[in-house]
1. In region 345-388, what residues are aromatic (Phe, Trp, Tyr) and under 24 Å from Pro270 (Cβ atoms)?
2. Taking into account only those residues within region 375-395 that are over 15 Å from Ala418 (Cβ atoms) and of a type outside the set (A, V, I, L, M, F, W, C), which is surrounded by the fewest Cβ atoms within 10 Å (Cβ to Cβ)?
3. Find the residue count for region 97-142, including only residues that are among the small types (Gly, Ala, Ser) and without any contact (Cβ under 8 Å) to a residue 12 or more places away in the chain.
4. When you go through (1) polar (S, T, N, Q); (2) more than 25 Å from Thr411 (Cβ to Cβ); (3) open to solvent by 20 Å² or more (accessible area, probe 1.4 Å) one by one for Thr398, which number turns out not to apply?
5. Out of the residues in region 281-301 that are among the small types (Gly, Ala, Ser) and at pLDDT below 95, which is farthest from Gly364 (Cα to Cα)?
6. Here are some residues: Phe256, Phe263, Phe252. Which one is in contact with a helix residue (DSSP H, G or I) (Cβ under 7 Å, 6 or more places away or on another chain), part of a helix (DSSP H, G or I) and farther than 30 Å from Ser178 by Cα?
7. Restricting to region 349-364, what's the tally of residues that are touching a residue at least 12 places away in the same chain (Cβ under 8 Å) and either under 16 Å from Gln225 (Cβ atoms) or open to solvent by 10 Å² or more (accessible area, probe 1.4 Å) (or both)?
8. Exactly one of these conditions fails for Pro334: (1) crowded, with 18+ Cβ neighbours inside 10 Å; (2) touching a residue at least 60 places away in the same chain (Cβ under 8 Å); (3) touching a Lys or Arg at 6+ places or on another chain (Cβ under 8 Å); (4) under 21 Å from Val227 (Cβ atoms). Give me its number.
Amino acid sequence: MSSSSALFHHRSKANGRHSFPFNYLISFGGSGEDAGPWHASFHSRSPCLAGNISTWTFFLFLSFLSCSNNTLCTMRPPVELSVFLLSLLAPGVLYAMNNTPALQEPLPILGMGMVVLGSVLLLLLLTVRHKMKVDPLFYVFAEFSFTCMVGLTNALEQDGFISGFMGFYLKKGEPHLSTAYAVMMSYWEGVFHLVLFQYIIHCMFKGKSYRSLGLLWAGSSIAHQIVLIPGVVIGKYGSNIRPVFWRNVPFFLLPFWVASVLFSRHREMPVVTADKIVAEQKKGLLSRPVDLLLSLLLMGSMAFSVFRGFVVLDCPLDVCFTYIYQYEPYLKDPVGFPRVMMLVYLFYALPLLTVLIYGLKTPGCSWMLDWTIFFAGAMAQTQWCHIGASLHSRTPFTYRVPADKWWPVITPNVLLAAVPALLALRCHTNPAFFMKPVPKGQTDNEKKKK
């Protein structure tokens, strides 16, 4: 045993039973005959590297758990760090399943998936066992963090950065995850959602408000699911649905539950003087140029949503025929996702856009502070996936946006995502117009006159 390993082993042994994970961690760094059992495979081909990194992460996670009762550990690791380390186990689980023939059939995949998610929940309970009170939403966000890492692994494999992780799942689980839309969706989950979860969990255990961030995620996740599930069913993969596909049902329902919980919680309103509220709410729409511009952009979004809804419904007008064949042929991709998305815009986004225009015109609509955040998350997610998929190499060439039509197609699509985000930013940076009207005689100036 090397001198550094011997010294560490001696100190770990002195710490008693809580030092178990550290003894195994140090075995990775040995050399010669005393090298740890994983030393050889760690330096072999790259898929093994990922598996061993996950093993490292697992033992490191266990070491954090063991620190909770150790008198030598004066500080526990942040909960968000423990959740992140737990999510890093996902690639190792996928690699193990991809190399275990017994787990490569539809029902075993579904069963193993349930076992893994149950094990993750158990480890999460151990992680926060020392906390007096834990928000139940924590378990939802933490479980989704693990699935986000699964999504990121899928995206990286489909784009050729890694290999050996998702082959079994695409063949016997959810083959639609190899589509360009699913790849872009996986990137969104694996980067944006994962980072968002870490910050939400940080705020949760620091006593900070995370209501708006939670609504942002809820809007994004609900939009993702209401496009994904119907798109798979009606698209070209509808005839090849396996049992594991239905694991999407709880992932479809949970964001609705999270949204209902967050909407029912008290909203923290900023402190604004009564005089400022009255002054802002006396202004008409023409006196508020930013709101006027946003209203016009929202109306443009409405028109664009109606037009593309007619396009996917096979409207016989020449302008619709020209648009789908010469400008945005991705709308007729047989995978089904773009068609479902345009119908969601037509029947769900269009009414909400109308309500948001009303909220910009009418003072005192405090619900705008919540619904603009929710809607911004939904539109950002769907447009990211739609724009990315229409340009991605995994989309057949005949359905990609033609190179000479990029600007007239991409520009309105980017605006469709940007306008709700700008509206949410406007509502939260200067919310006086949307706050409850001040009762007559309650402003400072009126009180002075009395």
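1. Tyr358, Trp367, Trp371, Phe374, Phe375
2. Per the criteria, the residue is Ser393.
3. So the answer is 4.
4. Failed condition: (2).
5. If we take residues in region 281-301 being among the small types (Gly, Ala, Ser) and at pLDDT below 95, then Ser287 is farthest from Gly364 (Cα to Cα).
6. So the residue among Phe256, Phe263, Phe252 that is in contact with a helix residue (DSSP H, G or I) (Cβ under 7 Å, 6 or more places away or on another chain), part of a helix (DSSP H, G or I) and farther than 30 Å from Ser178 by Cα is Phe263.
7. Selection size over region 349-364: 9.
8. In the conditions (1) crowded, with 18+ Cβ neighbours inside 10 Å; (2) touching a residue at least 60 places away in the same chain (Cβ under 8 Å); (3) touching a Lys or Arg at 6+ places or on another chain (Cβ under 8 Å); (4) under 21 Å from Val227 (Cβ atoms), Pro334 misses (1) alone.
The values are calculated or read from the model by the stated rules, or taken from the named source; none is laboratory data. The shown structure was predicted, so the numbers you read here are calculated from the model rather than taken from an experiment. Cβ coordinates were reconstructed from backbone atoms using ideal geometry, including for glycine residues, and neighbour counts include every protein chain displayed. The accessibility values were calculated without ligands, DNA or RNA, using every heavy atom of the protein model including side chains. Shrake-Rupley method; radii C 1.70, N 1.55, O 1.52, S 1.80 Å.
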